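A quick write-up on the structure given underneath.
The values are calculated or read from the model by the stated rules, or taken from the named source; none is laboratory data. Not measured: the values here are computed from a predicted model. Virtual Cβ from ideal backbone geometry, glycine too; neighbours counted across all protein chains shown. Accessible surface areas use protein heavy atoms only, side chains included; no ligands, DNA or RNA. Shrake-Rupley method; radii C 1.70, N 1.55, O 1.52, S 1.80 Å.
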Amino acid sequence: MPEPTASAAATPEKAATKDITFCVPCYNSSDYMDHCIDSILRGKGNIEIIIVNDGSTKDDTAAKADAWAERHPDIIKVIHQENKGHGGAVMAGLRAASGVYFKVVDSDDWLDPVALNLLLSKVRRFITSGSPVDLIVANYVYEHTNSGTQKVIRYRGFLPQNRVFTWNEIGPFGPGQNLLMHATVYRTQVLRDSGVELPEHTFYVDNIFVYVPLPHVQTLYYLPVNLYRYFIGREDQSVNENVQISRLDQQMRITRVMVEAHKLPDGVGNWKLAHYMASFLGLIVTASSIFCLLEGTEKGLRMRREMWEHIDSVDRDLKTTLGLRQWLVLGSNLPGPLGRRTSVGLYRLAQRLYRFS
């Protein structure tokens with residue numbers, strides 16, 4: 001099996017030479033990757049872009065990636081590898097990154113240039129201060145291209161704005177204010193020190209990527225600008241409901257990993273962080289429960305039972321925390337046929353209100 005090749009050598013051990021690395025996983029992305037890469041290049045700063053061609057075979061993704069690197073050899077590197085899925089592509093980018101910070105931008109998404117340059121200015125200031133924060137958070141925007149509408153996800157009220165803070169200072173978080181990959185810019189060494197590993201050939205690994213490193217974060221900064229533009233509209237997109245149902249086994253795999261990662265390590269006893277992580281996990285368990293119901297057969301119900309058996313085996317207190325104290329989890333696990341229909345109805349209502357797919 002051939003090893004991945006890159007247009008420039010890089011190892012995790014080398015000193016950072018860039019302020020930030022943008023990793024762009026690409027799989028048959030020829031139709032839209034140019035827009036993504038061009039949006040990042042509008043950033044004025046000491047940046048690196050790593051395009052990971054994840055075994056594309058159906059279009060000219062590989063050739064386009066190489067052409068971008070030829071035009072911008074000091075900024076863009078390309079990794080060509082056999083197909084490993086989104087997680088494998090992100091991990092390849094993380095291993096090769098030479099930036100102090102690391103940001104994943106999916107190839108069908110893009111960054112707002114004004115917000116990007118504000119971010120880069122802030123990143124440079126953190127680095128020159130000698131005390132770079134561990135996690136930067138910015139708003140992101142759902143771009144519903146079919147309807148031409150947008151929905152901005154903000155973190156006001158949950159996170160202090162425009163200053164460095166710790167977990168002790170976070171406030172109550174509202175619906176939709178979970179820290180997703182689109183919103184986060186991690187310090188690269190925090191990701192590496194956390195030991196986060198993303199399973200290959202598995203969708204929805206962005207939840208693991210953003211969740212597992214959280215206990216290793218000590219300082220945060222919320223920049224309240226609309227940075228990340230999250231495209232929603234393609235029928236084959238991973239967040240499309242029918243696609244999610246067809247990949248239920250992968251959703252459950254992600255849930256298992258997060259259940260096993262929910263406990264804070266020894267020495268990290270911040271109750272606000274623990275509460276946030278339990279609530280985030282509750283959202284994932286809710287999604288898994290709902291898609292088990294939408295699957296519509298005994299197989300889905302069996303997978304849901306197995307999920308709860310696994311939760312119970314890992315931490316019985318967690319089963320109580322999730323199943324009895326979180327209304328989202330309660331609403332998605334109502335007993336009996338009528339309860340299951342009610343759970344799906346509640347999901348449809350939330351879907352209309354929050355437009356998350």
Open item on the list: Suppose we filter the stretch 289-329 for residues that are in a helix (DSSP H, G or I) and either small (Gly, Ala, Ser) or in contact with a strand residue (DSSP E or B) (Cβ under 8 Å, 6 or more places away or on another chain) (or both); how many remain?
Closed with: 4
Task: Test result for Ala15, touching a strand residue (DSSP E or B) at 6+ places or on another chain (Cβ under 8 Å), at pLDDT below 95 and not in a strand (DSSP E or B) - done: no
Open item on the list: Looking at the stretch 121-143, can you tell me whether even one residue there is free of Cβ contacts under 8 Å to residues at least 24 places away in the same chain, in contact with a strand residue (DSSP E or B) (Cβ under 7 Å, 6 or more places away or on another chain) and either open to solvent by less than 30 Å² (accessible area, probe 1.4 Å) or of a type outside the set (Asp, Glu) (or both)?
Closed with: no
Open item on the list: Quick check on my filter: what residues within the stretch 56-76 are more than 21 Å from Asp19 (Cα to Cα) and either of a type in the set (A, V, I, L, M, F, W, C) or touching a His at 6+ places or on another chain (Cβ under 8 Å) (or both)?
Closed with: Ala62, Ala63, Ala65, Ala67
Open item on the list: Could you check the stretch 24-67 and list, in sequence order, the residues that are in contact with a Leu (Cβ under 7 Å, 6 or more places away or on another chain), outside any loop (DSSP other than H, G, I, E, B) and of a type outside the set (Val, Ile, Thr)?
Closed with: Ser39
Open item on the list: Exactly one of these conditions fails for Ala65: (1) over 25 Å from Thr219 (Cα atoms); (2) surrounded by 21 or more Cβ atoms within 10 Å (Cβ to Cβ); (3) touching a Pro at 6+ places or on another chain (Cβ under 9 Å). Give me its number.
Closed with: (3)
TODO: Determine if the stretch 68-75 includes at least one residue that is part of a helix (DSSP H, G or I) and basic (Lys, Arg).
DONE: yes
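For (1) surrounded by fewer than 22 Cβ atoms within 10 Å (Cβ to Cβ); (2) within 26 Å of Thr166 (Cβ to Cβ), each residue gets a yes or a no:
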{"position": "Phe209", "(1), (2)": "no, yes"}
{"position": "Pro224", "(1), (2)": "yes, yes"}
{"position": "Met258", "(1), (2)": "yes, yes"}
{"position": "Cys292", "(1), (2)": "no, no"}
Open item on the list: Take Gln161 and tell me if it is of a type outside the set (A, V, I, L, M), out of contact with any helix residue (DSSP H, G or I) (no Cβ under 8 Å at 6 or more places or on another chain), modelled with pLDDT of 95 or more and assigned to a helix (DSSP H, G or I).
Closed with: no
TODO: Please determine, by comparing only the residues of the stretch 330-351 that are of a type in the set (A, V, I, L, M, F, W, C) and assigned to a helix (DSSP H, G or I), which one is surrounded by the fewest Cβ atoms within 10 Å (Cβ to Cβ).
DONE: Leu338
